[in-house]
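Step one of this worksheet: look at the structure below.
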Amino acid sequence: MTSGSRPGRINATLRIGIDTGGTFTDVVAFDESTGELLTTKTPSTPTDPAEGFLAGIDKVLALIDPEGGPAAGRDTVAAVAHGTTVATNQLLEGKVGRLGFITNAGYEAVLEIARQSVPDGYGNSYFWVKPDRIVPRDRVRGVAGRLSWTGEEIRPFDTDGAREVARWFRARGIDTLGVCFLHSYADPAHEEAMRAVLAEEHPEAVVSISSDVLREYREYERSMTTLVDAAVKPKVSAYVRSIAGRLEELTEGLPFSVMKSNGGVLSAAEVVHQPITTVLSGPAAGALGAAMIASVAGFDRVLTCDGGGTSTDVSVVVDGEPTLTTEGTVGVYPSKIPMIDVVTVGAGGGSIAWLSPERTLKVGPQSAGADPGPLCYSKGGSDVTITDAHVVLGRIPPHLLGGEIPLDVDAARKGLESLAAALGLSLEEAATGVLEISAWNQANALRQITVRRGLDVRDFTLTTFGGSGSLLLCRLMDVLGISTVLVPRSPGNVSAFGLLTVDVKNDYVQTAVRLASELDPAEVERLYDGLAARAAAALETEGFPPEAQRFVRTADVRYFGQAFEVRVPVPGGPVDADVVSAVAEAFHREHRSLYGYDFAGDDTQQVEWVSLRVSGIGPIRRPAIRRHEVTRIAAAPTTVRRPVCFDARAGYVDAAVLDRASLLPGHEVHGPAVIEEYGSTVPLHPGFVARVDPYLNLVVTRAGSPA
């Protein structure tokens, strides 16, 4: 089964992945019949992202058939997958709109109470000001009724009170609502009754209920996740429906799927009901694409660094799989849905350099984006950006996308001269200072996902991609002590490529707190079967027959008395005493790996199961990464040179400029040099060497290091 198989289009073999970023929209087309890959980019259209999306499709189809043009190729398209930042940007900007919250009577302050924790960096709560709640206290209403933690009804649901609450929100024009009742993970009956009342009394309302969004205990996190889902639902749904409708106008019946934060994709028709699953859609696609490329190249412990026009996203890959978390946040909003563990920092090509009130140089997180963009875009921008610094120093050419977008070097130079004068520095010192701050911002993000998680950053290979991801790789190697960097072929399109490597994936969770010693295997198996049935039904809707479906079981486990859990795999087959024992052993190992100790063999410290999870997976055909023969080891041919500044103290040096398309497996490039291609550039500092591997990746090391 592939995502391209559907009635009426048996000759359609082209799958297209489109990743919309803040500056550029990246496109990759994969022909399943020939195995060929084609990549391109087009400027993003922030006012209407759908315009850039459709322009990307037309552009790649025109490249496939230059004579016939886009229209001639539309019937060959089998499916389109999309990575979007609509939900991400909405949450990062804090634009959640006027939300309402419905919970149990007497628990209306759950959002205000939150958790007894203070963010890192404040030392103690005296200096910390609690941020505004996602829903102010005056827009929270309670409804009588109560369930126990087992799902038993303690007090009946107050239907009349629910109607009053629904009418109260309707009268005030509050049309986006989240519903979270205590212990609805055990029995959703009260939440479903509330939804039915809202459908009658406030039919215009967009409603999210926690038993649909996150069937898991911890009422604060469940409430927040439900409210985030409700907040992004109107905008994400409208965006996805808009693109789906316009695709339908172009090609009737074309399957359209959207990347999820958990590393899977979901059809557009389903995403509109589960918008929270897309909050890290774009960054997740990049991490998955880089993970596959690095794994094929022989690197199993990898840090990914995805640099775009607005931000840089970093993640950890171990044994070919990005790490997952359910403790993530987007902006200031916690979200407990499964997501690839990504840390984002405002250090993209469009990040703005500015002076603080103390007259010190800062870079980001504000970005000039695609419109007006950096000064060198000549589109009305007024702020110096990272891209301006690179072009003035000669590290990138005076154009982008192979000459499609010319850059105004003089405009960038004038902006940097003004900044340099304000700082009392030379032009080169100001420009390199901007890039140095950006490099340290990226390095700190990489430390956050390694050192702060007990990992040694030096044990990993760094994979840089995205339009700006490889521009500072040599400085990152110095700052972090990393020995090797892998730069994939067409690095600017890795996120779009990742969209074509992703299976359909749905996650389902059920909290069921039980001591392992008191566990009823039959009950656990019944709960797992129920979760698997829900996953199977979703996969069936996505077009995967039973024989193509795959299920992965896990459990969140802890020692009795602990506050947080560790996720471990649960073997397939019937749940019996051997399975329970295997889960305990896996938990002891993972606990020791994470925290340095465990209680294996200590009968006084009991193991407790907390939540059961099932992932339903519908596999697709992945593009193959071809291996090429290495016929010789030689220095790459050089015909073009230009002055480039890598160090303000050393000034400009004569650097070789190479077209990456001319580099063959076995070629070596020694710095100082600049390697250019259609969507990205690699400045190679003096003392570094780049070797082309059999998969056409660039492997960058320090000169004299083993190949």
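The values are calculated or read from the model by the stated rules, or taken from the named source; none is laboratory data. All of these numbers come straight from a predicted model, not from anything done at the bench. Cβ: placed from backbone, ideal geometry, glycine included. Neighbour counts: every protein chain shown. With ligands, DNA and RNA removed, areas are computed over all heavy atoms of the protein, side chains included. Shrake-Rupley method; radii C 1.70, N 1.55, O 1.52, S 1.80 Å.
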Given labels modelled 7 Å from the Cα in the Cβ direction, how far is it in nm from ALA196 to ASP578?
4.5
Ranked highest first by average number of other Cβ atoms within 10 Å, how do 295-306, 568-579 line up?
295-306, 568-579
Using only Cα atoms and rounding to the nearest 10 degrees, what angle (0 to 90) does helix 49-64 make with the longest principal axis of the chain?
50
So, for the chain, what is the accessible surface per residue at a probe of 1.4 Å, expressed in square angstrom?
41
R0 of 22 Å, Cβ-Cβ distance SER242-ALA548: FRET efficiency to nearest 0.05:
0.10
Using the basic label-point model (7 angstrom from Cα toward the beta carbon), what is the TYR595 to SER483 distance in nanometres?
3.3
Hz values of 3J(HN,Hα) by residue in segment 305-311 - Karplus curve (6.51, -1.76, 1.60), Gly and Pro given as x:
9, 9, x, x, x, 10, 8
Label point 7 Å out from ASP48 along Cα-to-Cβ: which residues of segment 215-247 have amide N under 17 Å?
238-247
Can you tell me the 0 to 90 degree angle between the C-alpha axis of helix 577-595 and the longest principal axis of the chain, rounded to 10?
50
Part-to-part distance (alpha-carbon centres) for segment 259-295 and segment 592-613, which is given in Å
31
May I ask which of LYS59/LYS235; LYS233/LYS379; LYS59/LYS362; LYS95/LYS130 have a Cα-Cα span longer than 29 Å here?
LYS233/LYS379; LYS59/LYS362
Cβ-derived FRET efficiency at R0 30 Å, ASP603 paired with GLN116, nearest 0.05
0.40
Quick check: the angle from helix 521-541's long axis to the longest principal axis of the chain, C-alpha only, nearest 10 degrees?
50
Relative contact order of segment 383-499, please, whole-number percent, based on alpha carbon pairs below 8 angstrom and at least 6 residues apart.
20
How much length, in nm to one decimal, is gained on full extension between LEU250 and GLU525, taken as 0.36 nm per residue of separation minus their Cα-Cα distance?
94.3 nm
If contacts are Cα pairs under 8 angstrom and at least 6 residues apart, what is the relative contact order of the chain in percent?
12
How much FRET efficiency would the formula 1/(1 + (r/R0)^6) give for ARG621 and VAL318, where r is the Cβ-Cβ distance and R0 is 22 Å, rounded to 0.05?
0.30
If each of GLU629 and TRP440 carries a label point 7 Å out from its Cα toward its Cβ, how far apart are those two points in nm?
5.1
For segment 227-359, with all protein chains present and a 1.4 Å probe, just round the carbon and sulfur fraction of the accessible area to a whole percent.
53
Determine how large the accessible area of GLU677 is when every protein chain is in place; take a 1.4 Å probe and give Å² rounded to the nearest 10.
50
What's the ranking of 382-388, 680-686, 399-405 by average number of surrounding C-beta atoms within 10 Å, highest first?
382-388, 680-686, 399-405
From the phi of every residue in segment 375-390, what ³J(HN,Hα) in whole Hz does the Karplus formula 6.51 cos²θ - 1.76 cosθ + 1.60 yield, where θ is phi - 60° and glycine or proline is x?
4, 5, 6, 6, 10, x, x, 10, 10, 5, 10, 4, 4, 4, 5, 5
